Amino acid sequence: MGISKKGKRTIIYQEKEYVWWVREEVEYQDAPWLTVSSSDKSLVLSYRVEGGDFFVISKGRVFQGRETSGKWEYYWYPFGKRTPPLVITPGFVRELIAWAVSGRGAVLISGKKPVFKMLYLLVLCDEELSYDNYKEEFCIGIFSAYKEAEAVAKHYLGNVEGFKDYPCSYRIAEKKVLGDGNCGREEGENDSKKKNNKKKDSKYIDRTLENRESSAETREGSEAGQETVRKENGNRKDCGAEKESSENCPCMDTDEVYMVYGWNENKEGDEIHIVESECFVTELAARQEMVMMKQMYRRTEWCVSRFRIGEWKWKEGFVRV
């Protein structure tokens, strides 16, 4: 079945007709996208008209003279020496078609990434202070097994100050650990770099800032609870991950991963419309993912966060202010 031409424009390249249009997509927060398609839909391209990082998505069955898997493939913006246009013209559409049909050497920035194992993100939520699109959440950590994350959640809700005193819930999100085709760390990576987990404009005061004597006692209790959970669940590196093709890959034994976060802020300065990525074994792979997520989601703030697997955050609890 051919593509509908209603409300769309046509263009001819090498005696073949293509259809193109620009439309705001609700699923991408009303961002305007250019779509180009051949009449038989064998070639389909998408390009976000607005944004700071630019790439083209191939969604069809053919691209640059070869058959594809039919799955989406992401390529860097092909005209690097020119500023990407914010107004789409027939001339730009023709150039894009020529690059996708007759060009060669497109730089793939995301194909199918190998999945090394699964991890579990634990987040606690203060239900009383959540409202509308905002949730007062605390990211506790990433763990190797679901049962481990669940046991940590129960420990916090039953023992840690603040979490045990107010109506709090928890969620555990399954996260794939993705590679980027090059499992080694980036050259010159600074292993001493630490993630800043300070919550901006928080309604809470971390207990480390007051009552240091009682904090020391709380810390000892938390660490004892943490040790109990680890003993119950065993060594986190023996999590049952598939190792057939990655047995000798250093990514299997990585003790830290990276995630991408994007969010908006409401008039109170609270974080809303939060989107988050899967986990990545290198910061470079996470930053490449952030490039694509910026095109898919219109968010005002972005960051790449590093997690040490099995590490507990907010161990000493919180107090409301």
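Would it be correct to say that Ala241 is of a type in the set (A, V, I, L, M), at pLDDT below 50 and within 24 Å of the chain's Cα centre (by Cα)? Considered against the rule, which asks whether it is of a type in the set (A, V, I, L, M), at pLDDT below 50 and within 24 Å of the chain's Cα centre (by Cα), Ala241 comes out as yes.
Residues in segment 38-76 that are within 21 Å of the chain's Cα centre (by Cα), buried (at least 17 other Cβ atoms within 10 Å of the Cβ) and within 16 Å of Arg104 (Cβ to Cβ): Val56, Ser58, Glu73, Tyr75. Restricting segment 153-179 to residues that are among the hydrophobic types (A, V, I, L, M, F, W, C) and within 19 Å of Phe307 (Cα to Cα) leaves a set whose member that is modelled with the lowest pLDDT is Leu178.
Applying the selection to segment 146-155, what residues are surrounded by fewer than 22 Cβ atoms within 10 Å (Cβ to Cβ) and touching a strand residue (DSSP E or B) at 6+ places or on another chain (Cβ under 7 Å)? Listed by number, the residues that qualify are Tyr146, Glu150, Ala153.
Checked against the criterion of being aromatic (Phe, Trp, Tyr), outside the structural domain of Glu73 (by TED's automatic domain parsing) and at pLDDT 50 or above, the candidates Tyr204, Tyr131 yield just one match: Tyr131. Can Ile142 be described as in a strand (DSSP E or B), in contact (Cβ under 8 Å) with a residue 24 or more places away in the chain, in contact with a Leu (Cβ under 8 Å, 6 or more places away or on another chain) and within 25 Å of Met290 (Cβ to Cβ)? Yes; evaluated as a whole, the condition is true for this residue.
The values are calculated or read from the model by the stated rules, or taken from the named source; none is laboratory data. Owing to the predicted nature of the structure, the values given are computational and were not obtained by experimental measurement. Positions of Cβ are backbone-derived with ideal geometry, glycine not excepted, and every protein chain shown enters the neighbour counts.
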